[in-house]
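A quick write-up on the structure given underneath.
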Amino acid sequence: WAWLGDMELDDTLLGLGAAGIFPTPPLAVGFLVNAAHCAEQSSGDSAVTKASEMYREKRVFLDTFFRGLFFAVLDRYAKAGKSRGWVGDLTAEELARLGVAYGLTDELSEWIERVVDAQPSVLHLLLSGPLIGRGREVCQALRERLLDKTQIVFWTYAGSFNLTHSSEEDRQSLRDLFDSSPRVSMVETTLKSGSWLCDPSRPFWGQACPTAWTLEEAKTNAVGYDMSTDIQSVNMFLEEYSSTTDGAPKRGLRWIFQQIAEARGHEASELGVSALGARTTSVAQLLQELELRSLTTNLTAMVNPSSGSMGKVREALGAAEQAQLEAAHRKAVELLEALPGRGGGSSSAPGASVQEATRAAQAYAELYRGQHGDFHEAGCVECFPKDKPYSGPRLDKRCILRCMAQGQLQGGPTADLLVVLALLLHLRSIDPAVAAAAPSPARSAAGSAAEVEVPPVCCSLLCASNVLAGETSRMGQVPLCRSLPSETEALFRLQPGSATLPYALMTDLVPGTEMNEGAKRALAPLVDAAAIAAVFGARRLQQPPAPQPRGDFPELAAESGSPLVLPLIDEVHAAARCALQLH
């Protein structure tokens, strides 16, 4: 397998999850350096560009979890127009010069060589970002240098951002690749209505989680309304929809990061705030910095008391609440600004702690609970009509407030995590041999994860935790991608998504499924497996004792022993053709 992603938090979870699901290391990791996120103009001179804070965050994800082993794929989507912001005005030459701001040179050709040289029987290619003007080169290389001997399966997330920052030539190149050979397949996922190839697109959660809710609908179906907003937060989704055990922590981002930190020998206790740009950032420090950065962004830009898009939400709360909102917001922001390392130490909040700032933000969020008691107004179409400045529907606003009120990291929408769910659900049917060869959870004695001696291909590290004792007794020696109970698998389907491209497949919730407590219980094993896969994948990608050449994961390559013989997936293609004919 190989990967092209733009390396945000959800991409990171995808890469870790894939490393925990596939039996071999990635052939190559490509960092899609989208200039719209990774570059910014100097405040003093718009002609001068520099690497953005978002770029630095992406690099920390790569350095912390993937040891900095990646190939840079620089942005070549020139003169794209206003949909890409200021970057849309740049010429090809101006985009090329941005590499200096990042300290990177373009390495797409090296990524291609690494993939082509392997000559796999089946290539699973994960795409979790926009193609930024590089689609033609990628597709041409795959068509001319691999397709005669290799079957290619794309696993993608088709978010609106990814599509906006991919040129029409990028998308046409994908279509041409699929037109050229039946040996190419794609499994698409999407949260809304976006699509690379499938037409019409089908959101992963189907009609069970619509993108627009009236207040009456929200009151009638509280579980469905909650999930529709919770999927706007990768952390809330993992915490609320994984299995729950009395006395055990929820399996959200904090649990995943702490499990990884313990496995690396780091302390899992609270650490001081660190500069996110440091290459030596520990997992625990990274988590705290992500929490603070997310909280700051949400307080100051997303749900601040002067937000134009939330005007009708404030109206629903009543005029008396506005003064309270402003006072509570001011206190929370002052405490955040007073934190060490953030220009803090103000006279109004000297020596503030993270806990104090979090509690103040919780108090501010609580003011939005509304007359129905669970932030109903903050997500319903009555308060977010389509016209500006409301630009509804906006389920993310309710999600942010719910996370803030619980003192939890939001972490952005689930997005690329859907690809992990798709792999867990469908890898076995797409490529039975690779699923059979995948690493397996193994039974192990209870104890601290950090104390267990872990063989390279065994996730006894995970199974040693008391938290996972019940899970591992069920999974036993079964690979993660073959561990799901039948009632979980029955929730989803995989079908052709295009009348003209029969190998473009979409996965979604079976029509007619209602998101109720029963469906949540059936869904939990899938969410559990995704969280476990991320921890296991991080363990497998851990820094080896000696430096290794860039792009290589040799300690994983040694795991596979004899070469894997991956079967062709003609049976799946035949089934797709049959389903298309029936359709």
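At a glance:
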quantity: Selection from 48, 71, 140 lying farthest towards where the dipole of the stretch 46-158 points positive, charges on Cβ; calculated: 48
quantity: Rg and Dmax of the stretch 71-211, Cα atoms only, in Å; calculated: 16.1, 47
quantity: Relative contact order for the stretch 1-86, counting Cα pairs under 8 Å that sit 6 or more residues apart, in percent; calculated: 33 percent
quantity: Dipole-positive endmost among 190, 237, 218 within the stretch 125-253 (Cβ charges, Cα centre); calculated: 190
quantity: Net +/- balance of residues flanking residue 127 in space, Cβ distance below 15 Å, scoring K and R +1, D and E -1; calculated: -4
quantity: Surface per residue (accessible, 1.4 Å probe) for the stretch 174-274, Å²; calculated: 40 Å²
quantity: Carbon plus sulfur fraction of accessible area for the stretch 1-73, probe 1.4 Å, in percent; calculated: 44 percent
quantity: For the stretch 285-432, size of Cβ-based charge dipole, Lys and Arg +1, Asp and Glu -1, in debye; calculated: 120 debye
quantity: Largest-first principal axis extents of the Cα set of the stretch 85-164 (Å); calculated: 42, 27, 19
quantity: Debye, to nearest 20: dipole size of the stretch 2-56, +1 on Lys, Arg Cβ, -1 on Asp, Glu Cβ; calculated: 160 debye
quantity: Set of lysines with alpha-carbon distance to residue 79 below 18 Å, sequence-local pairs under 8 removed; calculated: none
quantity: Accessible area per residue, Å², the stretch 41-104 with all protein chains present, probe 1.4 Å; calculated: 46 Å²
quantity: Relative contact order of the stretch 94-199, pairs being alpha-carbon contacts under 8 Å that are 6 or more residues apart, as %; calculated: 29 percent
quantity: Whole-number percent relative contact order across the stretch 10-148, with pairs defined as alpha carbons under 8 Å at least 6 apart; calculated: 26 percent
quantity: Label-point gap, in nm, between residue 119 and residue 499 - each point 7 angstrom along Cα→Cβ; calculated: 4.2 nm
quantity: Dimensionless Rg ratio for the stretch 1-93, taking C-alpha atoms and the 2.2 N^0.38 Å reference; calculated: 1.22
quantity: Nearest-20 debye value, the stretch 110-192 charge dipole, Cβ charges on Lys, Arg, Asp, Glu; calculated: 200 debye
quantity: Pairs from 192/386; 82/388; 312/397; 50/388 whose Cα-Cα separation, in the structure shown, is over 20 Å; calculated: 50/388
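The values are calculated or read from the model by the stated rules, or taken from the named source; none is laboratory data. Since this is a predicted model, take the numbers as computed values, not measurements. Backbone-built Cβ (ideal geometry, glycine too); neighbour counts: all protein chains shown. These area figures cover heavy atoms from the full protein model, side chains too; ligands, DNA and RNA do not enter into them. Shrake-Rupley method; radii C 1.70, N 1.55, O 1.52, S 1.80 Å.
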